Every structure is written in C-alpha cells, then in structure tokens.
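The values are calculated or read from the model by the stated rules, or taken from the named source; none is laboratory data. Being a predicted model, the structure only gives us computed values, none of them experimental. In this analysis, Cβ positions are derived from the backbone assuming ideal geometry, glycine residues included, and neighbour counts consider all displayed protein chains. The protein model used for the area step is the full one, side chains on, heavy atoms only, and it has no ligands, DNA or RNA in it. Shrake-Rupley method; radii C 1.70, N 1.55, O 1.52, S 1.80 Å.
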Amino acid sequence: MNKNKWTVGLAAAGVIGLASVAQAQDANSVQTKLATTTLSGYVSTSYQWTPGETTGTAYTQGDARANRFALDVVSLTLASPTSSGEWGAGYNVQLWAGTDADDLGVAGGADGDEGLAVKNAYLTLNLPVGTGIDLNVGRFDTILGMESVDYINNPHFSHSWGYAIEPTIHEGIKGSYQLTDNIGVTGLLANTIEASSAGSSNNSDRKTWGAALNLTAPDSLGFLAGSTLDIAYISGDTDGGSNAVENLYVGASVPVPVDKLSAGVAWDVREVESTQAGGSDSVVGVYLEYEASEKLTLNVRGERVEDGNSLDVGSSNGDAWDLTVTANYDLWAGVISRVEYRYTVLDNPTTNIEDSHSIFLNLIYGF
C-alpha cells in the first residue's frame with residue numbers, strides 16, 4: 001500500500017487511522033477492477049416439430065426435444081479484458097442455465113431439465129514473448145470447428161453432424177500467437193478431450209494436446225483476399241483414459257462471384273480407439289449464406305456423414321446425407337428470429353426409419 005506524505009501526516013495527527021486508509025485504497029482497487037467488467041449474454045428459446053420417427057439423436061436437439069417448447073439456455077458472461085502492459089491479465093466467466101446446461105457434460109451440471117453449469121471460466125494472461133502470447137487458463141472452448149457451442153454465434157439453430165464428433169470444452173491451458181497479420185497459431189494442453197472436468201482420474205499420466213493454424217489470404221491475392229483456412233488437430237483420452245481419440249479439422253471460407261453470397265466448407269474426422277468399440281467418423285459440410293435484404297438472411301448447410309459405428313446416425317455404420325435451410329429475419333430489435341428446416345436421409349438403414357424431417361422455430365435475445 002502506497003501512502004503520500006499528506007495521508008501519513010493526517011494519520012499521525014490522529015485525524016484518520018492507517019487501517020481506514022488501507023480499507024479505502026483496497027476498495028478503490030476493487031472499484032477500478034470492477035469498472036472494466038462487462039456483463040453480456042443471451043436467452044435462447046425454441047420449438048421443434050418432428051413428425052414421425054427420426055434417424056438419430058447425435059445432432060443437437062435430435063428427437064429428444066421433438067414436438068415441444070424448450071428453454072434452451074440462459075447464458076450470462078462476466079468478463080474483463082486483458083489489462084494493458086507486458087504482463088496484463090483479465091478473466092472470463094460464462095454461466096449456463098436451462099436444458100442445455102445438462103447437455104454440456106461438465107461437472108456441476110444438475111440432473112434434470114433446469115441445470116446450471118459453468119461453461120467457461122478462465123484467466124486471460126499476456127505473456128510478453130515476441131509480439132505477445134495470449135494465454136487462457138481454466139475451462140475454455142475447443143480450438144477447432146466451424147460452429148460454436150453458443151447458438152447465438154451460429155448461422156443455424158441446430159448443430160451440424162460435424163459438431164457432434166468434435167470436442168467442445170476443455171480444462172487446461174491454451175495459448176495463441178500471431179506470427180504475422182495473416183498467420184496465427186494456437187496450442188492447448190488439457191485434462192481430457194471431452195467436456196468432463198473430472199480430469200483423467202484413471203490414467204493421470206496422459207493429457208490431451210492440440211494445435212491449430214489459422215491463415216488469412218492477404219490483399220495481394222486478388223479475388224482470394226480475405227478468405228481463410230483453419231487446420232486443427234487434437235489428440236487425447238476421454239475421462240478415465242478408456243478411449244483414445246483423435247480429431248482432425250479443416251475449415252475454409254472461400255470467395256463466391258455472387259454479390260451478398262458467402263461460402264464455407266468444413267471437414268471433420270474423428271478416430272476412436274477403444275477396447276469396446278472404435279472406428280472412424282467423418283463429416284464434410286458446405287455452408288452458404290445469402291443476404292437477401294437488410295433484415296433477411298438465408299443460410300444453407302449440406303453434409304455428407306460417414307459413420308464409423310460411433311456417431312449414431314440411426315444405424316450401425318449408417319452413412320447419411322443432411323440438408324439444413326434456415327431463414328434469419330430481424331423482426332424485433334436485438335432478437336435473432338429463425339425458422340429452420342432440416343432433412344436427414346440414411347444410405348443403409350437397419351430399421352424402417354430411412355429419413356426424417358424437422359422444423360425449428362428459434363428466438364434469441366442477446367445483450
């Protein structure tokens with residue numbers, strides 16, 4: 001604690017006490033830190049209509065919420081940006097309440113339909129090496145994938161099959177470094193490859209590790225300028241060390257010679273080695289987005305699913321085609337309003353369920 005001569009003089013005269021000075025300065029320090037803290041979040045609600053039987057439940061929602069309303073999630077985030085200086089620090093805490101809090105699979109989620117879970121909680125630290133390494137220490141989102149865990153960040157309401165075979169959340173340390181304006185790298189070291197925060201309790205000598213390369217085309221490449229390429233790999237064990245898993249992801253945004261139309265492509269591969277079951281799952285997805293008007297955006301996602309007996313698209317080795325069409329319309333201020341149609345068809349169904357149709361209505365208020 002630093003005290004100027006005037007403060008010391010008042011204390012010596014008995015006008016104020018040094019304890020009071022200490023408390024005041026501590027309070028000012030807390031107020032200064034709170035002044036940089038922001039509160040943000042969103043509330044997502046939905047209705048799903050799925051007539052008849054479905055082909056599986058691996059993609060988010062599936063038939064588990066067929067023909068009913070749902071409070072998907074209430075997400076609240078408290079965050080403070082990394083402070084200035086070579087050794088700057090900050091934090092990010094994201095809490096989830098609602099049905100999806102249970103689906104995260106992290107410790108702390110309740111058993112039931114109204115769970116509460118800590119989705120993210122990490123320190124943000126600047127390590128002054130080169131241009132600066134950005135560190136996240138704690139629980140954070142994974143480093144790969146076209147789609148986010150958070151609905152509000154995605155063009156579609158229902159998640160893709162590619163998302164279904166990706167890791168989502170890790171506990172450990174993640175570091176990002178920008179080599180140039182157009183090249184970035186990220187690495188992580190975590191307990192397990194799955195969302196569980198229990199760590200690899202039965203095989204503690206093994207950890208999950210991963211690396212990602214992010215490339216952005218410079219202006220000198222002409223029509224390719226601004227396009228991106230992301231390559232990421234993660235290898236590790238599930239909680240307990242019973243299953244060794246490897247994930248490879250390649251995603252890209254590509255230029256399209258049509259005004260207001262953008263496109264992306266994603267390729268996901270998951271290899272599972274297990275004493276009980278294993279196999280290779282892969283998904284290729286194509287994304288299209290068209291800004292039809294100032295308020296209306298149309299999104300299309302097409303996927304080819306190659307099931308290696310662990311993705312569960314409705315049958316053993318049930319390869320499939322999937323089409324999702326979503327209309328986003330800005331009807332209310334601050335509200336994402338979506339109507340979505342999804343169609344899945346199996347190549348070789350082992351039951352009488354060959355295809356399924358689903359319609360989703362989704363409203364998200366963000367703040």
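Some observations on this one:
- Within segment 268-304, considering residues that are among the hydrophobic types (A, V, I, L, M, F, W, C) and buried (at least 16 other Cβ atoms within 10 Å of the Cβ), the one farthest from D237 (Cα to Cα): L298
- The set of residues in segment 223-237 being among the small types (G, A, S) and closer than 12 Å to S253 by Cβ consists of A225, G226, S227.
- Evaluation of D102 against (1) at pLDDT below 95; (2) among the charged types (D, E, K, R); (3) out of contact with any Gly (no Cβ under 8 Å at 6 or more places or on another chain) (one fails), failing number: (3)
- Looking across segment 146-188 at every residue that is more than 30 Å from I359 (Cβ to Cβ) and either part of a helix (DSSP H, G or I) or acidic (D, E) (or both), the one that is most open to solvent (accessible area, probe 1.4 Å) is identified as D181.
- Condition met for W96 (under 30 Å from I193 (Cα atoms), aromatic (F, W, Y) and either at pLDDT 60 or above or out of contact with any helix residue (DSSP H, G or I) (no Cβ under 6 Å at 6 or more places or on another chain) (or both)): yes
- Among the residues of segment 74-89, the one identified as open to solvent by less than 10 Å² (accessible area, probe 1.4 Å) and within 14 Å of N120 (Cα to Cα) is S75.
- Looking at G130, G105, just one residue is open to solvent by 30 Å² or more (accessible area, probe 1.4 Å), more than 30 Å from L288 (Cα to Cα) and touching a residue at least 60 places away in the same chain (Cβ under 8 Å), and that residue is G105.
- Residue ID - least open to solvent (accessible area, probe 1.4 Å), chosen from residues in segment 333-349 that are modelled with pLDDT of 95 or more and among the hydrophobic types (A, V, I, L, M, F, W, C): V335
- Qualifying residue in segment 193-214 (condition: closer than 30 Å to E340 by Cβ, modelled with pLDDT of 90 or more and surrounded by 15 or more Cβ atoms within 10 Å (Cβ to Cβ)): yes
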